[in-house]
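Engineer: First the structure, which I've put down as structure tokens, then a few questions once you've had a look.
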Amino acid sequence: MISPDPDDIRFMHIALREARKGVGRTSPNPCVGAVIVKDGVVISRGYHKKAGTPHAEVHAIRRAGRDAEGATIYVTLEPCSHTGKTPPCCHAVVKAGIKRVVVGMEDPNPLVSGSGNRYLREHGLDVQCGVLEEECYELNRPFLKHIATGLPFVVMKAGISLDGKLSYQKGCPGRITGRCSSKRVHRLRDSLDAILVGIGTVVADNPSLTTRVPGKKGRDPVRVILDSSLKIPLQSKVIQQESSSTLVFCSNVASEGKKERLRNQTNVRVIEVDSDESRGLDLETVLQKLGGLGLCSVLVEGGAGVHGSFLRKNLVDRVMLFQAPIFAGSAGTPLLEGFRVEDRDSAPRLKKMHYRRCGQDILIQGDL
């Protein structure tokens, strides 16, 4: 295998930086960045901003104008070859007179899957694929899972003490982690499509489940509430705040009157699903419903029963635990409920581990 040219790596890094500008904004489309280079100089850049709007290549080509003739374009994902809400990008690349295309990774979408690169080669362009492929893959993990399975990428997040507690007293709110962790969590919410909690968290904390980032530039994710019997108070912040839509999942035996009152609320949708063997909501069906709505990623924020159920069903893709250097004591809520492990060999194990300081806290991140 031939090693990529150092310049190709450098310019693909720039394309990745462009692509990251669209994180949390493009679902169900991928995040894509493009950079056009001529004589070793970047002449234009572009990124995909939102589903239904022009793709990264088109933005870069428009900015380059006639200077795109004879240039090289670096794009993090294979240019599309099909007509959806926008025309095929590979056609635009050829029409612009670009002579060389450097691609981060092939698009796994069955509508593309190599056909974009093939079209470019058939029209005489030099195409190299696989430059910084791992980085490009990691950027679009939610999209890649969604296009392959129809399900969203699931991130389990929690703030815990040294003794693994979510709170100091069961059923009572009380912050465990520090302000630095809180800021990072809000950036995380801003980057994902939906945020999911159980009814216990809503009743105990009455959270808003919104995003607060500097400059008020954050985007509130879709709020997802698991509430089998519809105990949710109508005055809850997740019902009354209209900054984002709220999906309330319940069982088919929940009160018809409560369903109707919730449906009369602005931006609230009630979705019925079957119960599983433990008489909780069937989480696999919940994820299928979310994926069907075009949501490619879900942040699971708890509580303990919800975390335990997602782990028990093997539905978690990534774990992000913010651990504070404190002990919460035996009266607090544990991280997990309803999840048993027999021994070390059978315990779920994280891979691709990362550790990061967040003020005095430690972020422990890994994939399952």
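Engineer: All but one of (1) modelled with pLDDT of 95 or more; (2) farther than 30 Å from residue 143 by Cβ; (3) of a type outside the set (S, T, N, Q) hold for residue 319; which doesn't?
Structural biologist: (2)
Engineer: Got a sec? Which strands (runs of 3 or more DSSP E) wholly within region 264-363 have at least 1 residues that are open to solvent by 60 Å² or more (accessible area, probe 1.4 Å)?
Structural biologist: 268-272, 351-358
Engineer: Can I ask one more? With (1) modelled with pLDDT under 95; (2) within 30 Å of residue 161 (Cβ to Cβ); (3) more than 19 Å from the chain's Cα centre (by Cα) as the list, and residue 227 as the residue in question, which single condition is left unmet?
Structural biologist: Among (1) modelled with pLDDT under 95; (2) within 30 Å of residue 161 (Cβ to Cβ); (3) more than 19 Å from the chain's Cα centre (by Cα), residue 227 violates only (1).
Engineer: Something else: Limited to region 288-324, what total is found for residues that are touching a Ser or Thr at 6+ places or on another chain (Cβ under 9 Å), over 22 Å from residue 191 (Cβ atoms) and of a type outside the set (Gly, Ala, Ser)?
Structural biologist: Matching residues across region 288-324 total 1.
Engineer: Quick one: count up the residues across region 308-332 that are within 24 Å of residue 180 (Cβ to Cβ), touching a strand residue (DSSP E or B) at 6+ places or on another chain (Cβ under 6 Å) and not hydrophobic (A, V, I, L, M, F, W, C).
Structural biologist: Final tally of qualifying residues: 3.
Engineer: Let me ask you something else. Among the residues of region 173-181, is there at least one that is modelled with pLDDT of 95 or more, hydrophobic (A, V, I, L, M, F, W, C), farther than 17 Å from residue 301 by Cβ and open to solvent by less than 80 Å² (accessible area, probe 1.4 Å)?
Structural biologist: Yes, there is a match, as at least one residue in region 173-181 is modelled with pLDDT of 95 or more, hydrophobic (A, V, I, L, M, F, W, C), farther than 17 Å from residue 301 by Cβ and open to solvent by less than 80 Å² (accessible area, probe 1.4 Å).
Engineer: Right, next: Residues that are open to solvent by less than 40 Å² (accessible area, probe 1.4 Å) and hydrophobic (A, V, I, L, M, F, W, C): find the strands (runs of 3 or more DSSP E) completely inside region 1-89 holding 3 or more of those.
Structural biologist: Details: elements: 33-38, 41-47, 72-77.
Output list reads 33-38, 72-77.
Engineer: Select from region 248-263 the residues that are aliphatic (A, V, I, L, M) and surrounded by 13 or more Cβ atoms within 10 Å (Cβ to Cβ) and list them in ascending order.
Structural biologist: Result: 248, 254, 262.
Engineer: Next question, about the same structure. Contact list please: Cβ distance under 7 Å, first residue in region 117-137 and open to solvent by less than 100 Å² (accessible area, probe 1.4 Å), second residue of a type in the set (S, T, N, Q) and not in a loop (DSSP other than H, G, I, E, B), pairs at least six apart or on different chains.
Structural biologist: 127/117; 129/117; 136/76
Engineer: Suppose the filter is of a type outside the set (Phe, Trp, Tyr), in contact with a helix residue (DSSP H, G or I) (Cβ under 9 Å, 6 or more places away or on another chain) and open to solvent by 20 Å² or more (accessible area, probe 1.4 Å); does residue 245 pass it? Walk me through how you get there before you give the answer.
Structural biologist: Numbers: of a type outside the set (Phe, Trp, Tyr): yes; in contact with a helix residue (DSSP H, G or I) (Cβ under 9 Å, 6 or more places away or on another chain): no; open to solvent by 20 Å² or more (accessible area, probe 1.4 Å): yes.
Spelling it out, it is not the case that residue 245 is of a type outside the set (Phe, Trp, Tyr), in contact with a helix residue (DSSP H, G or I) (Cβ under 9 Å, 6 or more places away or on another chain) and open to solvent by 20 Å² or more (accessible area, probe 1.4 Å).
Engineer: Just give me the residues in region 90-116 being open to solvent by 50 Å² or more (accessible area, probe 1.4 Å) and not polar (S, T, N, Q), in sequence order. Quick ask: steps written out before the conclusion?
Structural biologist: If we filter region 90-116 for residues that are open to solvent by 50 Å² or more (accessible area, probe 1.4 Å), which is where we start, we get 91, 95, 99-100, 106, 108, 110-111, 113.
Result: 91, 95, 99, 100, 106, 108, 110, 111.
Engineer: Among the residues of region 148-203, write down those that are touching a Phe, Trp or Tyr at 6+ places or on another chain (Cβ under 6 Å) and acidic (Asp, Glu).
Structural biologist: 163
Engineer: In addition: Read through the list (1) under 25 Å from residue 316 (Cβ atoms); (2) of a type outside the set (S, T, N, Q); (3) out of contact with any strand residue (DSSP E or B) (no Cβ under 7 Å at 6 or more places or on another chain), then give the number of the only condition that residue 247 fails.
Structural biologist: (3)
The values are calculated or read from the model by the stated rules, or taken from the named source; none is laboratory data. Being a predicted model, the structure only gives us computed values, none of them experimental. As a convention, Cβ positions derive from the backbone with ideal geometry for all residues, glycine included, and neighbour counts pool all protein chains shown. The accessibility values were calculated without ligands, DNA or RNA, using every heavy atom of the protein model including side chains. Shrake-Rupley method; radii C 1.70, N 1.55, O 1.52, S 1.80 Å.
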